[in-house]
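Notes follow the structure.
The values are calculated or read from the model by the stated rules, or taken from the named source; none is laboratory data. Because the structure is predicted, anything quoted here is derived from the model rather than measured. Here the Cβ is made from the backbone with ideal geometry for all residues, glycine too, and neighbour counts use every protein chain on show.
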Amino acid sequence: MAEVILRHIAKAYPGGPKVIKDVNIEVKDREFVVLVGPSGCGKSTLLRMIAGLEDITNGDLLIGGQRINDRAPKDRDIAMVFQNYALYPHMTVYDNMAFGLKLRNMASDEIRQRVTNAAKILEIENLLDRKPKDMSGGQRQRVAIGRAIVRNPKVFLFDEPLSNLDAKLRGQTRIELQKLHRDLQATMIYVTHDQIEAMTLGDRIVVLRNGDVLQYDTPLALYNQPANLFVAGFIGSPPMNFLPGRIVNSDKKVSFESTGGLVRIDLSTSIHRTALASYEGREVTLGVRAEHIREQSIGLSRDNYSAEMDTLIDVVEHMGSEILTYFTIEERRFVAKLHGGATVTFDQPIALFWEVNKLHFFDTQTEQAIR
Amino acid sequence: MLLILAAVSFIYPFIWMVSASLSSESGLGDLTLFPVGFTGSNYVTVFTKIPLDRAFLNSSFVAILTTGLVLVSGAMVGYALAKLDFAGRDWIFYLIIFTMTLPFQITLIPNYITMVRFGWVDTYLALIVPFALNSFSILLFRQAFQSLPQALIDAARMDGANEMRIIFQILIPNILPTVLTITILTFMGLWNEALWPLIVIRDESRMTMPQLVTLFSVGGRAEGQLGVKIAAAVLLAIPIVILYLFFQKHFIRSMASSGLKD
């Protein structure tokens, strides 16, 4: 069993503020968990704490049920893949992969077998005699993963391993990593700032900001039920649209009214109407994803969609299967993901409909979701 | 043209020195590039009068061993200053840099007294230990280690390497130009050092070449024969010249990178 448990984990540098604040995460055996967040949120620090490369100020770190706070990195049975690969430049690929095994006094036959097997899995058998400088970024990346695989560790840690690759290679490697996880059946913890990587790779995702865990859940749960304004804005591409306003309750009819008064949405059919009713008169922020704004009412149930809203199109991006349409409401840039066949033109008025039950509401003060 | 003139002005004294060492005593007045009254007797005299072969071995032993120690100690201290976090790290570094500003002559007497107290006078220890750690090598190692990514060290730690293995098996092979620079400059400095051995060594069997040659030249044993003195100086310079010819490319690079000249 290689379950990883972080219990009240905190980190502070001497004389400085806490960079990791009371983090509680349980990673199940063979689970692929992604730590995601903006630069400086503490995700890499947290990963390095798990690896043993950073001290833990408070809390308990358990792997396979054993507390390992004070164990050296080499004694944690963990392998790590670094952002810049960190291959030893003066060693061949074979030596890079074999180095850790040699230090463990493994028999040379066993080392050769492990390196060859890993090389076969990663299709780098023909590179074993090369040095890192003679390889492309993608090949170095594979070697870095190979160096981790040969160790056959309990837990794999990945620190933004795809960020130095070009977009195409990143997409390919993402798929290969998923396959690798399936084949190795190992526990993996992966750090990225790219929410697409997080969504596509993770069984579960930890969203971090300023050393705090804001939400820990499956990709779909994060997307569909963000716990707060930050997660709602961070997860999803294009990002969620936000509009500040307040809840109005007149004639027992709950509705949202934007701060500028331009938008008024009847929420009497909303699944959140009861929770929202208690927010009467208070400031809330409405969130709507780009794909939940439609351009035509044909086939749309009036119960599910808000009244049409006429707006002028600022920018149109044709993506092929869909059109990203940008428009402005009360000086806020909005984006709608319309069907590729829609007829939208720059500077032309268009009637847009908002899917009422897909709207998100957040307490503007606390930034927490209202449900 | 100016460059040629400069090159000639630098090389001429050396060529004259070699030529003079092979000239007869009467031919030394001519500033010619070729020996006048060619003779090898000056060299024979040097070897007859002083144990230069023994001094050569002493110098080689001291210079090689001390250079090795400088590399090991400099790498370890430089690594600690570049890559380890501990209280007072920067202050220690500034202190080490400060010692670079002190002329050797200032520490000469205190160092000599220390040698006396340790009972190291007239031993190889007096020639080796005071030079086994030097601030210049620490500075160069620190700068070189700082230029290497931290991930390289982290990866080695994850692989199970201890700090010594990280320094000598992972980092050092990636800063070889720096290692070569330190090796060349340290070896040269040690080889040419005459003042310190003159103070701490009196037993002729433990004297280094520069010490012996200096004593020979100014101590009266050359009996005023300029040719013999010059021959001794040539013999002193030969090992460095041979080293230069072997490592010419690196030698020039090391001088350029250190921004120093001897």
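Structure summary
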read-out: Residue in the stretch B:178-190 that is closer than 29 Å to B:LYS249 by Cβ, within 14 Å of chain A (Cβ to nearest Cβ) and surrounded by fewer than 16 Cβ atoms within 10 Å (Cβ to Cβ) present; value: no
read-out: Residue count for the stretch B:161-176, restricted to those that are crowded, with 19+ Cβ neighbours inside 10 Å and within 7 Å of another protein chain (Cβ to nearest Cβ); value: 2
read-out: The lone exception for B:PHE10 - which of (1) surrounded by 10 or more Cβ atoms within 10 Å (Cβ to Cβ); (2) over 30 Å from B:ILE167 (Cβ atoms) it fails; value: (1)
read-out: One residue from A:LEU243, A:LEU229 being modelled with pLDDT of 85 or more, in contact with a Leu (Cβ under 6 Å, 6 or more places away or on another chain) and of a type in the set (A, V, I, L, M); value: A:LEU243
read-out: Qualifying residue in the stretch A:189-201 (condition: among the hydroxyl-bearing types (Ser, Thr, Tyr), more than 16 Å from the chain's Cα centre (by Cα) and away from every other protein chain (no Cβ under 14 Å)); value: no
read-out: Within the stretch A:105-123, tally of residues that are surrounded by fewer than 13 Cβ atoms within 10 Å (Cβ to Cβ) and either within 19 Å of A:LEU177 (Cα to Cα) or touching a Gly at 6+ places or on another chain (Cβ under 6 Å) (or both); value: 2
read-out: Any hit, the stretch A:60-77, residues being at the interface with another protein chain (Cβ under 10 Å from one of its Cβ atoms), of a type outside the set (Asp, Glu) and under 23 Å from the mean Cα position of the chain (by Cα); value: no
read-out: Out of A:PHE82, A:PHE99, sole residue that is buried (at least 19 other Cβ atoms within 10 Å of the Cβ), more than 30 Å from the chain's Cα centre (by Cα) and within 30 Å of A:LYS11 (Cβ to Cβ); value: A:PHE99
read-out: Any hit, the stretch A:135-143, residues being within 30 Å of A:VAL19 (Cα to Cα) and either buried (at least 21 other Cβ atoms within 10 Å of the Cβ) or facing chain B (nearest Cβ under 10 Å) (or both); value: yes
read-out: Cross-chain or 6+ apart pairs with Cβ under 6 Å, the stretch B:35-46 first and of a type in the set (Ser, Thr, Tyr), then surrounded by fewer than 16 Cβ atoms within 10 Å (Cβ to Cβ) and at pLDDT 80 or above; value: B:THR39/B:SER24
read-out: Lone qualifier among A:ALA167, A:ALA186, A:ALA148 - being in contact (Cβ under 8 Å) with a residue 60 or more places away in the chain and either surrounded by fewer than 23 Cβ atoms within 10 Å (Cβ to Cβ) or out of contact with any helix residue (DSSP H, G or I) (no Cβ under 9 Å at 6 or more places or on another chain) (or both); value: A:ALA186
read-out: Sole exception among (1) crowded, with 16+ Cβ neighbours inside 10 Å; (2) out of contact with any strand residue (DSSP E or B) (no Cβ under 7 Å at 6 or more places or on another chain) for A:VAL206, by number; value: (2)
read-out: Lone qualifier among A:VAL19, A:VAL23 - being β-branched (Val, Ile, Thr) and touching a His at 6+ places or on another chain (Cβ under 9 Å); value: A:VAL23
read-out: Hits in the stretch A:88-109 - residues which are of a type in the set (A, V, I, L, M, F, W, C) and more than 8 Å from every other protein chain (Cβ to nearest Cβ); value: A:MET91, A:VAL93, A:MET97, A:ALA98, A:LEU101, A:MET106, A:ALA107
read-out: Residue that is farthest from the chain's Cα centre (by Cα), among those in the stretch A:31-52 that are in a loop (DSSP other than H, G, I, E, B) and crowded, with 21+ Cβ neighbours inside 10 Å; value: A:GLY52
read-out: A:ARG174 vs. criteria within 14 Å of chain B (Cβ to nearest Cβ), among the charged types (D, E, K, R) and in a helix (DSSP H, G or I); value: no
read-out: Pair list, Cβ < 8 Å and 6+ apart or interchain, from the stretch A:52-63 residues that are at positive phi to residues that are crowded, with 18+ Cβ neighbours inside 10 Å and assigned to a strand (DSSP E or B); value: A:GLY52/A:ILE78; A:GLY59/A:LEU6; A:GLY59/A:ILE9; A:GLY59/A:VAL23
read-out: Cβ pairs under 6 Å, 6+ apart, first in the stretch A:211-236 and in a loop (DSSP other than H, G, I, E, B), second polar (S, T, N, Q); value: A:ALA227/A:GLN215; A:ILE235/A:GLN195
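Let's see how each residue does on (1) under 16 Å from B:ILE170 (Cα atoms); (2) outside the structural domain of A:THR192 (by TED's automatic domain parsing); (3) hydrophobic (A, V, I, L, M, F, W, C):
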{"site": "A:LYS102", "(1), (2), (3)": "yes, no, no"}
{"site": "A:ILE111", "(1), (2), (3)": "no, no, yes"}
{"site": "A:ASN117", "(1), (2), (3)": "no, no, no"}
{"site": "A:ILE121", "(1), (2), (3)": "no, no, yes"}
{"site": "A:LYS133", "(1), (2), (3)": "yes, no, no"}
